[in-house]
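The values are calculated or read from the model by the stated rules, or taken from the named source; none is laboratory data. The shown structure was predicted, so the numbers you read here are calculated from the model rather than taken from an experiment. Glycine also receives a Cβ, built like all others from the backbone with ideal geometry; neighbour counts cover every protein chain displayed.
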Amino acid sequence: MAQDNSGALVGCGLLLAWLVLAFWPLVLLTLVVVLVAGLVLYAIALVRFADLRQIAAAAQRRFKGEVCVVEGCYGVVRDLVLEGPATDPHLCLSLDLLESAASGPLLCSQQQQLNPPAQLAGLRSNSGLARFLESRGITLVAELSVEARATRAALDCARERSWSQEALATLQQLRRSAATTLAKASGNELLEPSIPQLQQALAAFSDEERKLQQALTEATTMLAKLHDFLSVPAGLRPILSFDLDGLFDPQRLQALEQSFAEVVQLNEAFRDLSRPRFD
């Protein structure tokens, strides 16, 4: 049976070789046509890819940081870039969205791959690109609307909450280190001269911790309020009395960061002072 199969394969091979030799002009012409068609299609793909790159660059400049809503979740456009090979490109949309969780609102990152339409003419204008995004479930929000202002304030609160949590964790570690050193300093002639500085460091840590804890509480509370407001059906929002002015100061985080940096810098100085001297 194996010999029969082998013989059949050899026979088919010989027949194919004879056909190629007998009709080689037609075979050559077919190969040339296929090659030319492939090159033409690839050239068209390259031109389309270049157009898409320009469209994506313009969209990035226009829509980066814009407020949007996706399936009821508000957030902002972080990036809109072109990815993939020239023969199969796609627009990669990166979003920062406020999503509901058991522990409260969370700032989550999301990426969506958007296949561009066959005709790119509709994407060359900002309005056309906005309609394209809306057809994919991403609706841009008017910059001056109360929803846009509430979303930006909520994102600021989410970032302040995250930063405050990280800063508190760092500060608690610094305080434990200083407290451990202070406990060892009493009766140790090498460390006793640094006791005043260590006590000053602990007092500074406690004061900074109080400010950070207050900021964390206020940011968490305001984030929940803003998220609740954005969760109200759009038709009911106009009848709500909700004044954003004065509710949240976006400059507060900058002041907290500066204060925290100063405390960390003081800690470095205290560590140098409390290091035992042997000379």
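Summary of values
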{"item": "Hey, ALA169 free of Cβ contacts under 8 Å to residues at least 40 places away in the same chain, under 27 Å from GLN258 (Cβ atoms) and among the aliphatic types (A, V, I, L, M) or not", "result": "yes"}
{"item": "Residue within region 50-68 that is assigned to a strand (DSSP E or B), at pLDDT 90 or above and in the same structural domain as GLN110 (by TED's automatic domain parsing) present", "result": "yes"}
{"item": "Residue satisfying all of: in region 59-97; in contact (Cβ under 8 Å) with a residue 12 or more places away in the chain and of a type in the set (Asp, Glu); farthest from VAL232 (Cα to Cα) among these", "result": "GLU83"}
{"item": "Among (1) on the phi < 0 side of the Ramachandran plot; (2) at pLDDT below 80, the one test that GLY187 misses", "result": "(1)"}
{"item": "Output for region 69-87, where each listed residue is part of a loop (DSSP other than H, G, I, E, B) and under 30 Å from VAL47 (Cα atoms)", "result": "GLY84, PRO85, ALA86, THR87"}
{"item": "Sole residue being farther than 30 Å from ALA234 by Cα, surrounded by fewer than 16 Cβ atoms within 10 Å (Cβ to Cβ) and in the same structural domain as ALA57 (by TED's automatic domain parsing), chosen from GLN200, GLN119, GLN173", "result": "GLN119"}
{"item": "Sole exception among (1) surrounded by 14 or more Cβ atoms within 10 Å (Cβ to Cβ); (2) touching a residue at least 12 places away in the same chain (Cβ under 8 Å); (3) over 13 Å from the mean Cα position of the chain (by Cα) for SER100, by number", "result": "(1)"}
{"item": "Test: residue in region 88-101 that is closer than 30 Å to THR221 by Cβ, in a loop (DSSP other than H, G, I, E, B) and touching a Ser or Thr at 6+ places or on another chain (Cβ under 9 Å)", "result": "yes"}
{"item": "Among the candidates LEU114, LEU123, LEU140, residue that is in contact with a helix residue (DSSP H, G or I) (Cβ under 9 Å, 6 or more places away or on another chain), among the aliphatic types (A, V, I, L, M), under 19 Å from ALA45 (Cβ atoms) and modelled with pLDDT of 90 or more", "result": "LEU114"}
{"item": "Yes/no for ALA45 being modelled with pLDDT of 90 or more and in a helix (DSSP H, G or I)", "result": "no"}
{"item": "Looking only at region 184-232, and only at residues there that are in contact (Cβ under 8 Å) with a residue 24 or more places away in the chain and outside any helix (DSSP H, G or I), the one that is nearest to the chain's Cα centre (by Cα)", "result": "LEU191"}
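Rundown of residues vs (1) assigned to a helix (DSSP H, G or I); (2) among the small types (Gly, Ala, Ser); (3) more than 30 Å from ALA59 (Cβ to Cβ), yes/no style:
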site	(1), (2), (3)
GLU134	yes, no, no
ALA142	no, yes, no
GLU147	yes, no, no
ARG152	yes, no, no
LEU155	yes, no, no
ARG161	yes, no, yes
GLN165	yes, no, yes
LEU174	yes, no, yes
LEU182	yes, no, yes
